[in-house]
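Report on the structure given below.
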2 protein chains.
Amino acid sequence: MEYIKDPRDIEKNSFEIITQELGEKTFPEREGKIIKRMIHTTADFQYADITKISKGAIDSGLAALKEGCSIYTDTRMSMAGINKRALKQMNCEIYCLVDDPEVAKEAKERGLTRSMVAMEKAAKEEKTKIFVIGNAPTALFQLCQYIDEGKKLPSLVVGVPVGFVGARESKDELIRRNVPYITTLGRKGGSTVAAAIVNALLYMNL
Amino acid sequence: MEYIKDPRDIEKNSFEIITQELGEKTFPEREGKIIKRMIHTTADFQYADITKISKGAIDSGLAALKEGCSIYTDTRMSMAGINKRALKQMNCEIYCLVDDPEVAKEAKERGLTRSMVAMEKAAKEEKTKIFVIGNAPTALFQLCQYIDEGKKLPSLVVGVPVGFVGARESKDELIRRNVPYITTLGRKGGSTVAAAIVNALLYMNL
């Protein structure tokens, strides 16, 4: 079996293939970097059509990263997929509370999802300026509510929950808010997609 | 905003929607559970067409889980997505070596991917009977080679690397081996898909 073994070649070739297959579907440079990384992580070209980036969202996200903000993720999977070395170089921190035993206890008592209770706690952290939601619509609904109530004004919401119950609706709510966001319309998204978006931003800054 | 907040209801409703939209496309019970969980995690119905499960693979995987085997994953993302409580109940362990500093050093010296060196180490562990590859074609190529050389005979290979360089080819190699496997033909797959397959097996056993 002969195959490419150099990871840099693999990534370079992958992005060339993606650009080629996108054909006449082109994007502004930075938007393109994000969307191509989403396709790279899913092999799903539909992301070229369903990704929506609000005006100024990339600048706002990059500025928060440059300030060394904290990033909250709704799943340990998204957290695991985000490049830790790049984060460290920017003095950014990342955390996820969904597995916190306190959160689990409180969620059970209140009949809420752990994602909602975790989001409640994260939204109170002043340094947390980027919210990355790749899984739980309930977390995104919750965040929208905090935005409405003026309790939180994120620098960027990467809101790409996946699924059949609430995912689409939660993203429809997000795009109605006056907040910098990157999202995917409809059902698709997920933890790997969320991580890909954040990594694309991190690599722009390095 | 009104939305379903009970996580059990969310999952139940999701699987009902998936079953409904699959329509006349039906599967044997256990295959169906796996495929529907893959769709659940991606919102991508193409998985109904591209998923290939070798004869006896589910039985072989379940038997290894019942024995309390170790599971190797090629990424921390897949590891993060697999249900730890379910694993613990079955006395199974899970690990990933791709971030191991020794592995990184050796990969650099030998001009290989970290995934390949990590796979080399994992294949030597006798207790490791299930290999979960959601990201790195190089890891799957490597494993195929060990199978050919009789160095490793896994109880199950969950081989679903995603991407544009080597992913399809590595899976084509896998299905030519006489080894129990679950795979996705073509480019699609990924860490979330890999985790979904393992979780579906774990939930069958509980």
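Take every DSSP beta bridge whose two residues both sit in the protein assembly as shown, then give the antiparallel share in percent to the nearest 5. Mind showing how you got there, number by number?
Working: 6 of 34 bridges.
The antiparallel fraction comes to roughly 20 percent.
If r is the Cβ-Cβ distance from A:E102 to B:K124 and R0 is 35 Å, what FRET efficiency results, to the nearest 0.05?
Rounded to the nearest 0.05, the efficiency is 0.30.
How far is A:G150 from the same spot in each other copy, in nm, shortest first, if each label point sits 7 Å from Cα toward Cβ?
7.6
Name the residue from A:G186, A:Y146, A:F131 whose Cα lies farthest towards the positive end of the charge dipole of chain A, charges +1 on Cβ of Lys and Arg and -1 on Cβ of Asp and Glu.
Highest projection toward the positive end goes to A:Y146.
How far, in nm to one decimal, is B:K124 from itself in the other copies if the label point is set 7 angstrom along Cα toward Cβ? Shortest first, please.
4.9
Among B:E125, B:E169, B:E109, which one shows the highest mean-square fluctuation when chain B is modelled as a Gaussian network with alpha-carbon springs under 10 Å?
B:E109
Could you give the alpha-carbon Rg of chain A over 2.2 N^0.38 Å, rounded to two decimals?
On the way: Rg = 16.9 Å, N = 206, 2.2 N^0.38 = 16.7 Å.
After normalising by residue count via 2.2 N^0.38 Å, the value is 1.01.
For B:163-171, what's the mean count of beta carbons from other chains sitting within 10 Å of each residue's beta carbon? Don't jump to the answer; show the numbers that get you there.
On the way: counts 11, 13, 11, 7, 3, 1, 4, 2, 0.
Across the residues of B:163-171, the mean count of other-chain Cβ atoms within 10 Å is 6.
Among the listed pairs A:K55/A:K129; B:K84/B:K127; A:K84/B:K105; B:K33/B:K55; B:K12/B:K129; A:K188/B:K25, give every one whose C-alpha distance is greater than 24 Å.
B:K12/B:K129
Roughly how many debye, to the nearest 20, is the charge dipole of the protein assembly as shown about its Cα centre, given +1 on each Lys and Arg Cβ, -1 on each Asp and Glu Cβ, and no other charges?
360 debye
What percent of all Cα-Cα pairs in the range A:1-121 falls in each 5 Å bin, counting up from 0?
Once binned at 5 Å, the Cα pair distances of the range A:1-121 give 2, 9, 14, 14, 17, 17, 12, 8, 5, 2, 1, 0.
With chain B treated as a Gaussian network of Cα nodes joined by springs under 10 Å, which of B:D44, B:D74, B:D172 yields the largest mean-square fluctuation?
Of B:D44, B:D74, B:D172, the most mobile in the Gaussian network model is B:D44.
If I take every Cα pair under 8 Å that is 6 or more residues apart in chain A, average their sequence separation and divide by the length, what percent do I get for the relative contact order?
Once normalised by length, the contact order is 25 percent.
How far is A:Q89 from the same spot in each other copy, in nm, shortest first, if each label point sits 7 Å from Cα toward Cβ?
4.3
Readers should treat all values here as calculations from the given coordinates under stated rules, not as data from a laboratory. Note that the structure is predicted; figures quoted are calculated from it, not measured. Neighbour counts run over all protein chains shown; Cβ positions are idealised from the backbone, glycine included.
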